[in-house]
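> Before we start, here is the structure in question, set down as structure tokens.
The values are calculated or read from the model by the stated rules, or taken from the named source; none is laboratory data. Because the structure is predicted, anything quoted here is derived from the model rather than measured. All Cβ positions, even for glycine, are placed from backbone atoms using ideal geometry, and neighbour counts span all protein chains on display. The protein model used for the area step is the full one, side chains on, heavy atoms only, and it has no ligands, DNA or RNA in it. Shrake-Rupley method; radii C 1.70, N 1.55, O 1.52, S 1.80 Å.
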Amino acid sequence: MAMATTSSKNERWSLAGATALVTGSSKGIGRAIVEELASLGATVHTCARTEAPLNRCREELTAKGLAVTVSVCDVSLRADREALVGTVRELFGGKLSILVNCAGMSFLKPAVELTPDDCSQVMGMNFESCFHLSQLAYPLLKASQRGCIINISSIASVVAFCSLPNAVYSAAKGAMNQVTRNLAAEWANDGIRVNCVAPGFIRTPLLSEFVEGNELGRAEFSRVPMGRLGEPEDIASLVAFLSMPASSYITGQVICADGGRCLS
């Protein structure tokens with residue numbers, strides 16, 4: 001009896017046998033998510049717009065013995081999204097356990113300087129791609145009988161930053177939060193869970209430069225109660241938990257991983 005109980009508990013905290021699609025993952029948060037899911041037993045397919053860093057990511061993870069395949073894809077383009085899900089359908093036999101919508105972009109411009117093209121690009125990459133890929137993946141997720149979607153949003157969707165002009169990006173991420181809630185409710189009876197992770201200040205070259213290189217950046221960072229930048233792995237571990245059977249009663253949530261920034 002003890003052995004059976006231990007085995008059951010281990011399965012709740014494992015991704016063995018799971019399949020995953022992660023977008024936007026040649027570096028940063030996306031790269032960390034791919035490595036985390038694969039290290040916990042999932043077979044992962046991932047994509048990015050640029051071939052060289054994507055192949056480098058695959059080679060490095062394969063060298064660690066992780067099951068990762070890749071394809072070049074610009075998720076802001078509808079045809080590319082359709083081709084991507086077609087590839088995943090073939091790779092995984094028509095079933096998908098996990099979809100992580102991580103690809104995103106922003107223009108740090110004052111609102112009055114944003115062009116119509118800027119707005120279209122930001123909404124297309126951050127929101128439209130997330131919603132359309134969820135639509136396309138729906139039959140694969142349902143077929144797996146353990147489907148889950150994790151959308152990568154931002155605390156910019158719930159707080160405003162005086163020193164970070166990103167109005168349309170914030171709106172796109174806010175839309176992602178709300179579609180997370182609606183799809184969670186609509187697809188619950190299909191056995192598909194949908195959750196959202198909203199990172200705060202995570203260590204990337206651009207953000208480190210912003211925090212360290214100007215007074216406004218330091219002022220924003222000073223409002224993080226934990227007093228440090230988050231690491232990509234801090235987000236990856238939360239995504240992994242939300243993908244596991246152990247989180248099977250969690251859906252429709254937007255979880256801020258921000259060192260407490262939203263408290264202040």
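> Between residues in segment 37-65 that are on the phi > 0 side of the Ramachandran plot and residues that are surrounded by fewer than 20 Cβ atoms within 10 Å (Cβ to Cβ) and hydroxyl-bearing (Ser, Thr, Tyr), which pairs lie under 8 Å by C-beta distance while being six or more apart or on different chains?
Within 8 Å, the pairs are 41/14.
> Being under 28 Å from residue 224 (Cβ atoms), open to solvent by 20 Å² or more (accessible area, probe 1.4 Å) and among the charged types (D, E, K, R) is the filter here, so list the residues in segment 156-203 that pass it.
181, 203
> For segment 232-264, give me the residue count where each residue is touching a residue at least 40 places away in the same chain (Cβ under 8 Å) and either part of a loop (DSSP other than H, G, I, E, B) or over 20 Å from the mean Cα position of the chain (by Cα) (or both).
9
> Let me ask something else. Of 49, 78, which residue is touching a His at 6+ places or on another chain (Cβ under 7 Å), over 25 Å from residue 18 (Cβ atoms) and of a type outside the set (Ser, Thr, Tyr)? Before the answer, list the steps.
Working: 49 fails: touching a His at 6+ places or on another chain (Cβ under 7 Å).
Every option except 78 fails the conditions.
> Whether any residue in segment 106-116 is outside any loop (DSSP other than H, G, I, E, B), under 20 Å from residue 200 (Cα atoms), aromatic (Phe, Trp, Tyr) and open to solvent by 30 Å² or more (accessible area, probe 1.4 Å) is what I want to check. Spell out how you get there, then give the answer.
At the first step, the residues of segment 106-116 found to be outside any loop (DSSP other than H, G, I, E, B) are 111-113, 116.
Those still in the list that are under 20 Å from residue 200 (Cα atoms) too: none.
Within segment 106-116 (the criterion being outside any loop (DSSP other than H, G, I, E, B), under 20 Å from residue 200 (Cα atoms), aromatic (Phe, Trp, Tyr) and open to solvent by 30 Å² or more (accessible area, probe 1.4 Å)), the answer is no, since none of the residues qualifies.
> For a quick check of your reading of the model, give me the residue pairs whose first member lies in segment 101-116 and is touching a residue at least 24 places away in the same chain (Cβ under 8 Å), whose second is surrounded by 11 or more Cβ atoms within 10 Å (Cβ to Cβ) and among the aromatic types (Phe, Trp, Tyr), with beta-carbon atoms closer than 6 Å and at least 6 apart or on different chains.
Partner pairs satisfying both residue conditions: 106/169.
> In segment 56-83, which residue that is within 24 Å of residue 243 (Cβ to Cβ) and of a type in the set (S, T, N, Q) is least open to solvent (accessible area, probe 1.4 Å)?
Here the answer is 71.
> When you check residue 86 against the structure, is it at positive phi, modelled with pLDDT of 90 or more and surrounded by fewer than 17 Cβ atoms within 10 Å (Cβ to Cβ), yes or no? Let's see the steps before the verdict.
Working: at positive phi: no; modelled with pLDDT of 90 or more: yes; surrounded by fewer than 17 Cβ atoms within 10 Å (Cβ to Cβ): yes.
Answer is no for this residue.
> Quick one: residue 102 ticks every box in (1) among the hydrophobic types (A, V, I, L, M, F, W, C); (2) closer than 19 Å to residue 140 by Cα; (3) in contact with a Leu (Cβ under 8 Å, 6 or more places away or on another chain) except a single one, so which number is it?
(3)
> Please enumerate the residues belonging to segment 119-162 that are at pLDDT below 90 and in a helix (DSSP H, G or I). Full working, then the answer.
Step one: of segment 119-162, the residues at pLDDT below 90 are 156, 159-162.
Of everything in segment 119-162, just one residue is at pLDDT below 90 and in a helix (DSSP H, G or I), namely 156.
> Only one of 188, 184, 175 is assigned to a helix (DSSP H, G or I), closer than 25 Å to residue 108 by Cβ and at pLDDT 95 or above; which? Before you say what the answer is, go through the steps one by one.
On the way: 188 fails: closer than 25 Å to residue 108 by Cβ; 184 fails: closer than 25 Å to residue 108 by Cβ.
Only one candidate qualifies: 175.
This table checks each residue for (1) touching a Ser or Thr at 6+ places or on another chain (Cβ under 7 Å); (2) open to solvent by less than 50 Å² (accessible area, probe 1.4 Å); (3) under 28 Å from residue 15 (Cβ atoms).
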residue: 215; (1), (2), (3): no, no, no
residue: 222; (1), (2), (3): no, no, no
residue: 226; (1), (2), (3): no, no, yes
residue: 230; (1), (2), (3): no, yes, yes
residue: 241; (1), (2), (3): yes, no, yes
residue: 255; (1), (2), (3): no, no, yes
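> Next question, about the same structure. Any idea which residue in segment 34-63 is nearest to residue 150 (Cα to Cα), counting only those that are part of a loop (DSSP other than H, G, I, E, B) and modelled with pLDDT under 95? Walk me through it before giving the result.
Pass one, segment 34-63, residues part of a loop (DSSP other than H, G, I, E, B): 40-42, 49-50.
Subsequent filtering for residues that are modelled with pLDDT under 95 retains 49-50.
On the way: 49: 20, 50: 23 Å.
Among them, the one singled out is 49.
> Follow-up question, since we're still on this one. Looking for something at pLDDT below 95, assigned to a loop (DSSP other than H, G, I, E, B), open to solvent by less than 50 Å² (accessible area, probe 1.4 Å) and among the small types (Gly, Ala, Ser) - is there at least one such residue anywhere in segment 91-104?
Scanning segment 91-104, I find at least one residue that is at pLDDT below 95, assigned to a loop (DSSP other than H, G, I, E, B), open to solvent by less than 50 Å² (accessible area, probe 1.4 Å) and among the small types (Gly, Ala, Ser), so the answer is yes.
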